[in-house]
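Taking it in order: structure first as structure tokens, then the write-up.
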Ligand code: GUN
């Protein structure tokens with residue numbers, strides 16, 4: 001297997017999320033071309049509720065990549081005051097539209113809307129986010145016919161393609177969110193040659209969290225606390241995946257803020273064997289998996 005990495009002077013290697021995402025895009029673009037020969041263009045609809053600045057950026061990036069790969073995409077923006085019933089109604093219409101292969105409702109949603117109800121209303125065959133209870137259940141069961149959520153799917157692919165041995169590895173996941181922590185734990189614990197790890201899922205109620213972290217061969221930080229993981233919490237030679245995207249004050253910058261991850265990157269670099277850069281690690285992989293899921297949805301709908 002080719003290790004995709006950048007040498008960092010005998011210290012930890014960078015896990016090249018951008019380059020690995022491009023490998024996946026190349027395969028996705030081939031599949032788009034195959035569908036095009038049959039007169040089919042995968043179509044992905046984004047639904048954004050309100051004007052959350054981060055959601056605007058994320059959906060914009062996803063839409064740009066869709067276009068680059070030859071997918072058709074559109075973003076439906078509804079106002080912050082939209083009711084849950086109105087949003088569900090919109091999703092039911094998209095479910096019925098045979099030209100739409102994938103539906104993505106960007107989280108977070110306003111407080112008056114229950115995310116569980118919204119995600120349960122997306123037709124499972126169009127649920128390219130992998131958030132519908134049927135797809136969540138299939139992930140738990142190890143049933144490959146479902147859709148795997150994009151960020152944990154991307155982290156898994158990053159680890160595999162970087163040559164990280166997962167079978168028998170001690171994996172510690174920080175954060176029990178539905179988007180990353182829970183699903184990545186479910187993926188890595190499966191009895192499968194691409195997984196088979198021993199997974200510890202830590203969260204805000206965990207006692208002795210640093211001691212758990214120090215046992216990890218693979219540490220996945222996804223709790224959304226800026227620069228939480230410091231060098232003393234990491235076993236020498238560990239592989240570290242930083243999923244965090246946290247906006248923190250930065251009086252020196254033009255905007256007065258900047259984005260940082262969940263790990264102290266500079267401090268960890270001399271200690272780890274591999275680490276994701278942030279940005280440029282997990283983020284591009286999330287988008288790559290979304291594109292792949294959407295093309296698969298189109299293939300399945302037109303088989
Ligand atoms: N918000 C943060 N990550 C995600 C994601 O993977 N999907 C959706 N729909 N919203 C998100």
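Coordinate-derived values only; no laboratory data. Computed from a prediction, not measured in an experiment: that's the story for all the values here. Cβ placement follows ideal geometry from the backbone for every residue including glycine, while neighbour counts extend to all protein chains displayed.
Quick notes
- Overall Cα dimensions of segment 108-151 - principal axes, largest extent first, Å: 33, 20, 15
- Segment 27-113: C-alpha pair distances exceeding 21 Å, %: 36 percent
- Taking the alpha carbon gyration tensor of segment 164-207, multiplying each eigenvalue by 5 and rooting it gives semi-axes of 19, 11, 7 Å, largest first.
- Percent breakdown of C-alpha pair distances by 10 Å bin, ordered from the shortest bin, for segment 205-303: 15, 36, 26, 16, 6, 0
- Percent of beta bridges antiparallel (DSSP, the chain, rounded to nearest 5): 15 percent
- FRET efficiency estimate (nearest 0.05) - Cβ-Cβ, residue 11 to residue 68, R0 45 angstrom: 0.85
- Cα→Cβ-extended label distance, 7 Å offset, between residue 75 and residue 257, nm: 1.7 nm
- Our Cα-only numbers for the chain put the radius of gyration and Dmax at 19.3, 57 Å.
- Mean residue ellipticity at 222 nm, helices only, the chain: -12000 deg cm²/dmol; runs of at least 4 DSSP H residues each add -39,500 (n - 2.57), and the sum is divided by the number of residues.
- Percentage relative contact order, segment 163-240, counting C-alpha pairs under 8 Å, at least six apart: 35 percent
- Three-way shape call for segment 11-58 based on the alpha-carbon gyration tensor, with the a/c threshold at 1.5: oblate
- A Förster distance of 35 Å, applied to the separation of the beta-carbon atoms of residue 302 and residue 19, puts the FRET efficiency at 0.70.
- Once the Kirkwood radius over Cα pairs is known for segment 166-259, the Stokes-Einstein relation at 25 °C and 0.890 mPa s delivers a diffusion coefficient of 174 µm²/s.
- For the listed peptides 12-22, 83-93, a ranking on the average number of other beta carbons within 10 Å per residue, highest first, reads 12-22, 83-93.
- Net length gained if the chain between residue 51 and residue 29 were fully extended (0.36 nm per residue, minus Cα distance): 4.8 nm
- Per-peptide packing, taken as the mean over residues of other Cβ atoms within 10 Å, places 225-235, 286-296, 154-164 in the sequence 286-296, 154-164, 225-235 from highest down.
- Paramagnetic reach from residue 86 (point 7 Å along Cα→Cβ, amide N under 15 Å) across segment 109-138: 110-114
- Packing-based exposure ordering (other Cβ within 10 Å, fewest first) of 35, 259, 268: 259, 35, 268
- Placing dummy labels 7 Å off each Cα toward the beta-carbon, the span from residue 97 to residue 143 is 2.8 nm.
- For segment 37-167, the Rg and Dmax computed from alpha carbons only, in angstrom: 15.7, 47
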